[in-house]
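Input: a single structure, listed below in structure tokens.
The values are calculated or read from the model by the stated rules, or taken from the named source; none is laboratory data. If you're wondering where the values come from, they're calculated on a predicted model, not measured in any experiment. Note that we place each Cβ from the backbone using ideal geometry, even for glycine, and neighbour counts take in every protein chain shown. SASA here: full protein model, heavy atoms, side chains in, ligands and nucleic acids out. Shrake-Rupley method; radii C 1.70, N 1.55, O 1.52, S 1.80 Å.
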Amino acid sequence: FSPVFYPTTGHPKERIQGVLNTAVFTVSGMTCNSCEQHVRHEVSKLNGVLRSAVSFDKGIATVEFDTARTNITAIQDAINSTGYTVTSIKEK
């Protein structure tokens, strides 16, 4: 049922204004597919997020973003706002 509650969101493909960056966030508390969808939905709302992939079984969220339009702190805040907790961040 998660697609009903968390429809696909995203920003139109725009020219990248800054540097394209990818970060992997370790997230604690996710236990199911709906958890993944909740995190992905909140992260995808941020202007500058190009792609996000979330895995509850691995406990990670991988986010590709434009550094001129968003940053790691904003992404971490979006994830934490879902009720799950970012425990570490690794930039690629």
- line: Picked from segment 36-58 (must be under 20 Å from residue 15 (Cα atoms) and part of a loop (DSSP other than H, G, I, E, B)), the residue least open to solvent (accessible area, probe 1.4 Å) is 48
- prompt: Of all the residues that make up segment 1-35, how many are modelled with pLDDT of 80 or more, outside any strand (DSSP E or B) and loosely packed, with under 13 Cβ neighbours inside 10 Å?
  reply: 3
field: Qualifying residues in segment 59-81 (those that are in a loop (DSSP other than H, G, I, E, B) and out of contact with any strand residue (DSSP E or B) (no Cβ under 9 Å at 6 or more places or on another chain)) - the one most open to solvent (accessible area, probe 1.4 Å)
entry: 81
Long-range neighbours under 6 Å by Cβ, at least six apart or interchain, first residue free of Cβ contacts under 8 Å to residues at least 40 places away in the same chain and under 20 Å from residue 20 (Cβ atoms) within segment 64-83, second β-branched (Val, Ile, Thr) and in a helix (DSSP H, G or I): 78/43
